[in-house]
Amino acid sequence: MEKPVFVINGFLDSGKTSFIRDTLNDPNFLSSGRLLLILAEEGEEEYDEVELSKKGVSIIAVEEQEQLTTKFLSDLDDFYDPNMIMIEWNGMWKLTDLLELDLPQNWMLGQIVTLLDSTTFPMYLANMRAMILDEVRYSDVVIVNRCDDSTDRSLIRRSIKAVNRKTQISYERADGKPSGDFEDELPYDITQKYIEISDADYGIWFMDASEYPEHYDGKTIHFLSMLYVSPRLPKGYIVPGRMVMACCAEDTQFSGFMAKLPAAVSPESLKSRMWFEITADVKVQRMREYKGKGVVLYITSMVPAKEPADPMIYFS
(Lines give C-alpha, C1' and ligand atoms only; values in the text may rest on other atoms or scores of the structure.)
Protein backbone atom coordinates (compact mmCIF):
# COMPACT_ATOMS: atom_id res chain seq x y z
CA MET A 1 0.00 0.00 0.00
CA GLU A 2 1.36 3.40 -0.98
CA LYS A 3 1.82 5.89 1.83
CA PRO A 4 1.46 9.56 0.81
CA VAL A 5 4.04 12.03 2.10
CA PHE A 6 2.92 15.65 2.57
CA VAL A 7 5.64 18.29 2.90
CA ILE A 8 4.77 21.58 4.60
CA ASN A 9 7.43 24.14 3.74
CA GLY A 10 8.22 27.73 4.67
CA PHE A 11 10.40 30.00 6.77
CA LEU A 12 10.09 30.24 10.54
CA ASP A 13 6.87 32.01 11.62
CA SER A 14 5.29 31.57 8.20
CA GLY A 15 2.32 29.76 9.73
CA LYS A 16 3.31 26.13 9.11
CA THR A 17 2.37 24.86 12.56
CA SER A 18 -1.04 26.56 12.47
CA PHE A 19 -1.69 25.11 9.02
CA ILE A 20 -0.70 21.60 10.09
CA ARG A 21 -2.71 21.82 13.30
CA ASP A 22 -5.82 22.93 11.40
CA THR A 23 -5.30 20.13 8.89
CA LEU A 24 -4.98 17.51 11.62
CA ASN A 25 -8.17 18.78 13.25
CA ASP A 26 -10.04 17.86 10.09
CA PRO A 27 -11.50 14.40 10.78
CA ASN A 28 -11.72 13.65 7.06
CA PHE A 29 -7.97 14.08 6.65
CA LEU A 30 -7.17 11.53 9.36
CA SER A 31 -9.87 9.08 8.33
CA SER A 32 -7.32 6.77 6.69
CA GLY A 33 -5.63 5.92 9.98
CA ARG A 34 -2.22 6.52 11.52
CA LEU A 35 -0.15 9.57 10.62
CA LEU A 36 3.51 10.20 11.35
CA LEU A 37 4.40 13.88 11.80
CA ILE A 38 8.10 14.61 11.38
CA LEU A 39 9.14 18.01 12.74
CA ALA A 40 12.30 19.36 11.12
CA GLU A 41 11.65 22.73 12.73
CA GLU A 42 9.92 23.75 15.96
CA GLY A 43 8.43 27.24 16.08
CA GLU A 44 6.81 29.22 18.86
CA GLU A 45 3.53 27.36 18.53
CA GLU A 46 3.34 23.82 19.82
CA TYR A 47 1.30 20.71 19.17
CA ASP A 48 -0.91 19.01 21.74
CA GLU A 49 0.75 15.63 21.50
CA VAL A 50 -1.69 13.97 23.90
CA GLU A 51 -4.74 15.00 21.91
CA LEU A 52 -3.09 14.20 18.60
CA SER A 53 -2.10 10.74 19.80
CA LYS A 54 -5.78 10.03 20.43
CA LYS A 55 -6.35 10.73 16.73
CA GLY A 56 -3.59 8.36 15.66
CA VAL A 57 -0.87 10.97 15.17
CA SER A 58 2.71 10.21 16.25
CA ILE A 59 5.24 13.05 16.42
CA ILE A 60 9.00 12.80 16.03
CA ALA A 61 11.37 15.80 16.12
CA VAL A 62 14.55 16.02 14.06
CA GLU A 63 17.28 18.29 15.37
CA GLU A 64 19.84 18.03 12.58
CA GLN A 65 19.36 17.57 8.86
CA GLU A 66 21.99 14.82 8.86
CA GLN A 67 19.51 12.65 10.78
CA LEU A 68 17.26 12.47 7.75
CA THR A 69 18.57 9.42 5.96
CA THR A 70 16.77 6.62 4.18
CA LYS A 71 17.58 4.26 7.06
CA PHE A 72 16.27 6.72 9.65
CA LEU A 73 12.97 7.10 7.80
CA SER A 74 12.72 3.34 7.23
CA ASP A 75 13.21 2.73 10.94
CA LEU A 76 10.41 5.21 11.69
CA ASP A 77 8.20 3.44 9.17
CA ASP A 78 8.87 0.06 10.81
CA PHE A 79 8.25 1.38 14.32
CA TYR A 80 5.17 3.57 13.76
CA ASP A 81 3.71 1.84 10.67
CA PRO A 82 1.88 5.00 9.51
CA ASN A 83 -0.68 5.23 6.71
CA MET A 84 0.41 8.80 5.95
CA ILE A 85 3.47 10.95 6.62
CA MET A 86 3.62 14.70 7.07
CA ILE A 87 6.91 16.59 7.25
CA GLU A 88 7.17 20.11 8.65
CA TRP A 89 10.27 21.12 6.72
CA ASN A 90 12.88 23.55 8.00
CA GLY A 91 12.78 26.62 5.75
CA MET A 92 16.54 27.11 6.09
CA TRP A 93 17.25 23.65 4.69
CA LYS A 94 17.28 22.99 0.97
CA LEU A 95 14.09 21.31 -0.12
CA THR A 96 15.99 19.56 -2.91
CA ASP A 97 17.89 17.60 -0.25
CA LEU A 98 14.61 16.02 0.79
CA LEU A 99 13.39 15.52 -2.77
CA GLU A 100 16.63 13.76 -3.72
CA LEU A 101 16.48 11.44 -0.71
CA ASP A 102 15.49 7.84 -1.37
CA LEU A 103 12.25 7.45 0.54
CA PRO A 104 11.33 4.17 2.20
CA GLN A 105 9.49 1.58 0.15
CA ASN A 106 5.85 2.51 -0.45
CA TRP A 107 6.38 6.14 0.61
CA MET A 108 5.13 8.37 -2.20
CA LEU A 109 5.54 12.14 -2.36
CA GLY A 110 1.98 13.41 -2.32
CA GLN A 111 1.95 17.19 -2.12
CA ILE A 112 4.27 20.07 -1.26
CA VAL A 113 2.60 23.05 0.39
CA THR A 114 4.59 26.25 1.03
CA LEU A 115 3.47 28.93 3.48
CA LEU A 116 4.54 32.56 2.88
CA ASP A 117 4.04 35.53 5.17
CA SER A 118 2.94 38.42 2.93
CA THR A 119 4.32 40.99 5.39
CA THR A 120 7.89 39.67 5.14
CA PHE A 121 7.90 38.43 1.54
CA PRO A 122 9.07 41.74 -0.04
CA MET A 123 11.99 41.91 2.42
CA TYR A 124 13.01 38.31 1.75
CA LEU A 125 12.66 38.90 -1.99
CA ALA A 126 14.96 41.92 -1.83
CA ASN A 127 17.61 40.35 0.42
CA MET A 128 17.31 36.56 0.02
CA ARG A 129 15.76 36.24 -3.43
CA ALA A 130 17.26 32.89 -4.42
CA MET A 131 16.44 31.31 -1.07
CA ILE A 132 12.80 32.38 -0.89
CA LEU A 133 12.10 31.47 -4.51
CA ASP A 134 13.62 28.04 -3.91
CA GLU A 135 10.91 27.68 -1.27
CA VAL A 136 8.21 27.73 -3.94
CA ARG A 137 10.03 26.18 -6.91
CA TYR A 138 8.66 22.66 -6.33
CA SER A 139 5.45 23.52 -4.49
CA ASP A 140 2.08 22.24 -5.61
CA VAL A 141 0.31 24.86 -3.50
CA VAL A 142 1.54 28.19 -2.12
CA ILE A 143 -0.50 29.79 0.66
CA VAL A 144 0.21 33.49 1.16
CA ASN A 145 -1.14 34.45 4.57
CA ARG A 146 -1.58 37.64 6.61
CA CYS A 147 -2.81 39.54 3.58
CA ASP A 148 -4.62 42.87 3.77
CA ASP A 149 -5.51 45.68 1.38
CA SER A 150 -1.87 46.86 1.28
CA THR A 151 -0.48 43.48 0.18
CA ASP A 152 1.22 43.68 -3.21
CA ARG A 153 -0.22 40.43 -4.53
CA SER A 154 0.88 41.26 -8.06
CA LEU A 155 4.53 41.27 -6.95
CA ILE A 156 4.05 38.03 -5.00
CA ARG A 157 2.27 36.22 -7.81
CA ARG A 158 4.63 37.12 -10.63
CA SER A 159 7.67 36.31 -8.44
CA ILE A 160 6.27 32.87 -7.65
CA LYS A 161 5.07 32.14 -11.17
CA ALA A 162 8.47 33.11 -12.55
CA VAL A 163 9.94 29.92 -11.07
CA ASN A 164 6.83 27.72 -10.82
CA ARG A 165 4.08 28.42 -13.33
CA LYS A 166 1.98 25.40 -12.38
CA THR A 167 1.62 26.03 -8.66
CA GLN A 168 -1.71 27.07 -7.18
CA ILE A 169 -1.57 30.29 -5.14
CA SER A 170 -4.04 30.99 -2.35
CA TYR A 171 -4.28 34.25 -0.39
CA GLU A 172 -5.49 34.37 3.22
CA ARG A 173 -6.19 37.16 5.68
CA ALA A 174 -4.65 37.28 9.15
CA ASP A 175 -7.67 35.41 10.53
CA GLY A 176 -7.07 32.54 8.11
CA LYS A 177 -10.07 33.29 5.92
CA PRO A 178 -9.65 33.50 2.14
CA SER A 179 -8.60 36.92 0.92
CA GLY A 180 -10.87 36.76 -2.13
CA ASP A 181 -10.33 36.24 -5.81
CA PHE A 182 -7.52 38.22 -7.34
CA GLU A 183 -6.21 38.81 -10.80
CA ASP A 184 -3.00 40.60 -11.58
CA GLU A 185 -3.30 44.23 -12.55
CA LEU A 186 -1.27 44.13 -15.73
CA PRO A 187 1.00 47.10 -16.49
CA TYR A 188 -0.52 47.49 -19.97
CA ASP A 189 -4.13 47.73 -21.18
CA ILE A 190 -5.20 44.20 -22.10
CA THR A 191 -8.45 45.51 -23.58
CA GLN A 192 -6.66 47.31 -26.42
CA LYS A 193 -6.20 45.76 -29.85
CA TYR A 194 -2.56 46.97 -30.01
CA ILE A 195 -0.32 46.33 -27.00
CA GLU A 196 3.15 47.82 -26.57
CA ILE A 197 5.36 45.54 -24.44
CA SER A 198 8.21 47.43 -22.80
CA ASP A 199 11.37 45.77 -21.50
CA ALA A 200 10.11 46.26 -17.94
CA ASP A 201 6.86 44.48 -18.81
CA TYR A 202 8.19 41.66 -20.99
CA GLY A 203 8.50 39.12 -18.17
CA ILE A 204 4.98 39.81 -16.95
CA TRP A 205 3.61 39.60 -20.50
CA PHE A 206 5.42 36.33 -21.24
CA MET A 207 4.17 34.75 -18.02
CA ASP A 208 0.59 35.92 -18.53
CA ALA A 209 0.54 34.90 -22.20
CA SER A 210 1.91 31.46 -21.26
CA GLU A 211 -0.74 30.96 -18.60
CA TYR A 212 -3.67 32.68 -20.33
CA PRO A 213 -2.94 32.65 -24.09
CA GLU A 214 -6.60 33.37 -24.84
CA HIS A 215 -6.12 36.88 -23.39
CA TYR A 216 -4.00 37.77 -26.43
CA ASP A 217 -5.78 35.94 -29.22
CA GLY A 218 -6.42 38.45 -32.02
CA LYS A 219 -4.22 41.16 -30.48
CA THR A 220 -1.28 42.91 -32.12
CA ILE A 221 1.85 43.30 -30.01
CA HIS A 222 5.13 45.15 -30.36
CA PHE A 223 8.32 44.43 -28.41
CA LEU A 224 12.11 44.43 -28.61
CA SER A 225 13.46 40.92 -29.05
CA MET A 226 16.50 38.76 -29.54
CA LEU A 227 16.07 35.99 -32.09
CA TYR A 228 16.48 32.26 -31.77
CA VAL A 229 16.93 30.63 -35.18
CA SER A 230 17.36 26.89 -35.66
CA PRO A 231 16.87 24.32 -38.44
CA ARG A 232 15.04 22.23 -35.83
CA LEU A 233 12.16 24.70 -35.87
CA PRO A 234 9.35 24.28 -38.41
CA LYS A 235 10.14 25.83 -41.77
CA GLY A 236 9.48 29.55 -41.81
CA TYR A 237 9.44 29.85 -37.99
CA ILE A 238 11.76 31.56 -35.52
CA VAL A 239 11.46 32.35 -31.81
CA PRO A 240 11.80 36.01 -30.82
CA GLY A 241 12.24 36.42 -27.08
CA ARG A 242 14.44 37.63 -24.26
CA MET A 243 16.81 36.23 -21.67
CA VAL A 244 14.83 36.24 -18.42
CA MET A 245 16.29 35.95 -14.93
CA ALA A 246 13.85 34.51 -12.41
CA CYS A 247 15.91 34.74 -9.22
CA CYS A 248 19.64 34.36 -9.92
CA ALA A 249 22.11 33.82 -12.75
CA GLU A 250 21.56 30.05 -12.63
CA ASP A 251 17.87 30.63 -13.34
CA THR A 252 18.41 32.62 -16.54
CA GLN A 253 16.62 31.21 -19.58
CA PHE A 254 15.51 32.29 -23.02
CA SER A 255 11.76 32.93 -23.03
CA GLY A 256 9.85 33.45 -26.24
CA PHE A 257 7.04 32.17 -28.44
CA MET A 258 6.93 30.49 -31.84
CA ALA A 259 6.70 33.08 -34.62
CA LYS A 260 5.85 32.76 -38.30
CA LEU A 261 8.03 34.88 -40.56
CA PRO A 262 6.54 37.05 -43.29
CA ALA A 263 6.78 35.43 -46.72
CA ALA A 264 9.31 38.07 -47.82
CA VAL A 265 11.79 37.17 -45.05
CA SER A 266 13.98 34.11 -45.43
CA PRO A 267 15.08 32.28 -42.25
CA GLU A 268 18.51 31.84 -43.87
CA SER A 269 19.00 35.61 -43.69
CA LEU A 270 18.63 35.57 -39.91
CA LYS A 271 20.90 34.40 -37.13
CA SER A 272 20.36 33.74 -33.46
CA ARG A 273 21.07 36.68 -31.15
CA MET A 274 20.13 39.27 -33.76
CA TRP A 275 18.00 42.08 -32.32
CA PHE A 276 14.77 43.31 -33.87
CA GLU A 277 11.75 45.41 -33.05
CA ILE A 278 8.94 42.92 -33.67
CA THR A 279 5.33 43.68 -34.50
CA ALA A 280 3.11 40.62 -34.70
CA ASP A 281 -0.48 39.46 -34.74
CA VAL A 282 -1.25 36.89 -32.07
CA LYS A 283 -3.11 33.66 -32.68
CA VAL A 284 -3.69 30.82 -30.25
CA GLN A 285 -3.18 27.50 -31.96
CA ARG A 286 -1.90 24.01 -31.45
CA MET A 287 1.77 23.32 -32.16
CA ARG A 288 3.88 20.26 -31.60
CA GLU A 289 6.53 22.35 -29.84
CA TYR A 290 3.95 23.40 -27.23
CA LYS A 291 2.51 19.90 -26.84
CA GLY A 292 -0.85 21.65 -27.08
CA LYS A 293 -2.17 25.13 -27.75
CA GLY A 294 -0.23 28.32 -27.16
CA VAL A 295 0.60 31.78 -28.43
CA VAL A 296 1.89 31.93 -32.01
CA LEU A 297 3.16 35.24 -33.37
CA TYR A 298 2.52 36.11 -37.00
CA ILE A 299 5.18 38.73 -37.66
CA THR A 300 4.07 41.71 -39.72
CA SER A 301 7.15 43.90 -39.21
CA MET A 302 10.81 43.31 -38.28
CA VAL A 303 13.04 46.34 -37.80
CA PRO A 304 16.73 45.76 -36.94
CA ALA A 305 17.60 47.12 -33.50
CA LYS A 306 20.59 47.56 -31.23
CA GLU A 307 21.16 45.37 -28.21
CA PRO A 308 20.06 47.32 -25.10
CA ALA A 309 22.57 48.33 -22.45
CA ASP A 310 21.07 45.70 -20.13
CA PRO A 311 19.66 42.90 -22.29
CA MET A 312 18.37 40.93 -19.30
CA ILE A 313 14.72 40.83 -18.27
CA TYR A 314 13.98 40.60 -14.53
CA PHE A 315 10.90 39.51 -12.60
CA SER A 316 10.56 42.26 -10.01
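The values are calculated or read from the model by the stated rules, or taken from the named source; none is laboratory data. Since this is a predicted model, take the numbers as computed values, not measurements. Here the Cβ positions follow ideal geometry from the backbone for every residue, glycine too, while neighbour counts run over all protein chains shown.
Take the conditions over 16 Å from D310 (Cα atoms) and not in a helix (DSSP H, G or I) and apply them to V244. Does it pass? Explain how you work it out, then say what you get.
On the way: over 16 Å from D310 (Cα atoms): no; not in a helix (DSSP H, G or I): yes.
When the stated conditions are applied, V244 does not pass them.
If you check I60 against the conditions, is it part of a strand (DSSP E or B) and more than 20 Å from G176 (Cβ to Cβ)?
Working: part of a strand (DSSP E or B): yes; more than 20 Å from G176 (Cβ to Cβ): yes.
The answer is yes for I60.
Being more than 21 Å from E45 (Cα to Cα), aromatic (F, W, Y), under 18 Å from the mean Cα position of the chain (by Cα) and part of a helix (DSSP H, G or I) is a condition met by no residue of the range 136-149. Reported count of residues in the range 286-299, each being over 19 Å from Y202 (Cα atoms) and in a strand (DSSP E or B), is 4.
Note on the range 37-51: among residues that are in contact (Cβ under 8 Å) with a residue 24 or more places away in the chain and in contact with a Lys or Arg (Cβ under 9 Å, 6 or more places away or on another chain), the one that is surrounded by the fewest Cβ atoms within 10 Å (Cβ to Cβ) is E45.
Against the condition in contact (Cβ under 8 Å) with a residue 40 or more places away in the chain, of a type outside the set (F, W, Y), under 17 Å from F223 (Cα atoms) and not assigned by TED's automatic domain parsing to the domain that holds I132, how does P304 come out, does it pass? Criteria not met by P304. Scanning the range 300-316 for residues that are exposed (fewer than 14 other Cβ atoms within 10 Å of the Cβ) and assigned to a strand (DSSP E or B) returns T300, S301, V303, P304.
Against the list (1) touching a strand residue (DSSP E or B) at 6+ places or on another chain (Cβ under 6 Å); (2) at pLDDT 95 or above, the condition T70 fails is (1).
Here's a check for you: in the range 167-203, which residue that is assigned to a loop (DSSP other than H, G, I, E, B) and in contact with an Asp or Glu (Cβ under 8 Å, 6 or more places away or on another chain) is modelled with the lowest pLDDT? Give the steps one after another, and end with the answer.
Going through the range 167-203, the residues assigned to a loop (DSSP other than H, G, I, E, B) turn out to be 167, 174-177, 179-193, 197-198.
Add one more test, that the residue is in contact with an Asp or Glu (Cβ under 8 Å, 6 or more places away or on another chain), and what stays is 167, 174, 176, 179, 184, 186-188.
Details: T167: 87, A174: 86, G176: 81, S179: 76, D184: 54, L186: 78, P187: 81, Y188: 89.
Residue satisfying both the conditions and the ranking: D184.
Does K271 satisfy the condition of being charged (D, E, K, R), touching a residue at least 40 places away in the same chain (Cβ under 8 Å), farther than 30 Å from L133 by Cβ and touching a Phe, Trp or Tyr at 6+ places or on another chain (Cβ under 9 Å)? Outline the logic, then answer.
Values: charged (D, E, K, R): yes; touching a residue at least 40 places away in the same chain (Cβ under 8 Å): yes; farther than 30 Å from L133 by Cβ: yes; touching a Phe, Trp or Tyr at 6+ places or on another chain (Cβ under 9 Å): no.
It is false that K271 is charged (D, E, K, R), touching a residue at least 40 places away in the same chain (Cβ under 8 Å), farther than 30 Å from L133 by Cβ and touching a Phe, Trp or Tyr at 6+ places or on another chain (Cβ under 9 Å).
The rows are residues; the columns are (1) of a type in the set (F, W, Y); (2) surrounded by 13 or more Cβ atoms within 10 Å (Cβ to Cβ).
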{"residue": "I85", "(1), (2)": "no, yes"}
{"residue": "W89", "(1), (2)": "yes, yes"}
{"residue": "K94", "(1), (2)": "no, yes"}
{"residue": "D97", "(1), (2)": "no, no"}
{"residue": "E100", "(1), (2)": "no, no"}
{"residue": "Q105", "(1), (2)": "no, no"}
{"residue": "S118", "(1), (2)": "no, yes"}
{"residue": "P122", "(1), (2)": "no, yes"}
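Taking the range 102-141, which residues are acidic (D, E) and closer than 18 Å to F19 by Cβ? Give the derivation first.
Here is the first cut: in the range 102-141, the ones acidic (D, E) are 102, 117, 134-135, 140.
Result: D117, E135, D140.
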